[in-house]
1. Relative contact order of region 61-202, please, whole-number percent, based on alpha carbon pairs below 8 angstrom and at least 6 residues apart.
2. Return the whole-Å distance between the Cα centroid of region 147-182 and the Cα centroid of region 8-37.
3. Give the residue from Ala194, Tyr95, Ala108 lying farthest towards the positive end of the charge dipole for the chain; charges sit on Cβ (+1 for Lys and Arg, -1 for Asp and Glu) and the dipole is referred to the Cα centre.
4. Once both axes come from the Cα atoms, what is the angle between helix 124-133 and the longest principal axis of the chain, in degrees from 0 to 90, rounded to 10?
5. Kindly put Leu63, Leu2 in sequence by how many other C-beta atoms sit within 10 Å of each C-beta, fewest to most.
6. For region 2-200, what is the convex hull volume of the alpha-carbon atoms per residue, in Å³?
7. Can you say what percent of the DSSP beta bridges in region 58-169, counting only those with both residues inside, are antiparallel? Round to 5.
8. Please list, by residue number, every one of the trypsin sites (Lys or Arg not before Pro) in region 1-61 that is coil in DSSP and has at most 16 other beta-carbon atoms within 10 Å.
Amino acid sequence: MLLEINPFGPEPRKIRRAVDALVAGEVIGYPTDTVYGLGCDMFNKKALNRLYQIKGMERTQMLAFVCRDMTEISKYAVMHDRVFKVLRKYLPGPYCFILEATHDVPRAVQGHRKTVGVRIPNHPVALALVEGLGHPIVSSTAARHGETPHIDARELDVEFPGLAMVLDCGPGGTDPTTVVDLTGQEPVIIRAGAGDTAPFEH
């Protein structure tokens with residue numbers, strides 16, 4: 001189901017419908033500041049399985065946590081001073097940072113290294129969803145592995161059967177987030193995307 005929503009001032013009634021779907025264990029398509037994403041409730045194991053199934057992903061592929069602010073990130077990721085300074089400078093923005101996971105992260109979404117990818121998108125709809133849900137959304141790029149992300153929200157409805165709804169904000173981007181691993185002494189760029197990688201090259 002396609003639901004048009006205002007990208008600059010999302011209608012609370014429509015956000016509520018999307019949040020209700022997440023609470024019910026559904027997977028939705030939604031916009032971010034980079035590309036459209038597929039998301040579900042991080043604490044619902046059935047929903048996590050559904051997300052992997054709908055996207056056709058291997059269980060080894062990591063999912064990102066979409067958070068509303070730094071306080072929320074600190075609940076699920078270990079925030080050393082060095083890490084905090086980086087996140088404060090580059091979030092909200094088109095980055096996903098891999099950090100050490102805390103004990104509050106469900107085992108189903110921890111990587112084998114007990115890490116977690118966190119991001120704060122600079123997009124009112126994505127932030128309103130997380131605010132409404134009350135905890136992070138687990139998210140993945142709305143594209144099959146190795147393919148370009150879909151720009152048109154209507155394509156998501158066709159490409160990923162099983163989505164409860166797709167929040168349509170008009171054309172999305174084609175460059176996914178830049179993924180940077182901050183778990184070591186030096187940052188490591190895992191994927192170059194929409195964010196500038198220069199600050200993390202050494």
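FYI, it's all coordinate maths here, none of it is from the lab. It should be emphasised that the depicted structure is a prediction, and the values quoted were computed from it without experimental measurement. Neighbour counts are summed over all protein chains in view; Cβ atoms, including those assigned to glycine, are modelled from backbone coordinates with ideal geometry.
1. Result for region 61-202 is 26 percent.
2. Each part reduced to its Cα centre gives a spacing of 12 Å.
3. Comparing the listed Cα positions along the dipole, Ala108 ranks first.
4. 90
5. In order of increasing Cβ crowding within 10 Å: Leu2, Leu63.
6. Dividing the Cα hull volume of region 2-200 by its residue count gives 105 Å³.
7. 75
8. On the way: sites: Arg13, Lys14, Arg16, Arg17, Lys45, Lys46, Arg50, Lys55, Arg59; in loops: Arg59.
The qualifying sites are Arg59.
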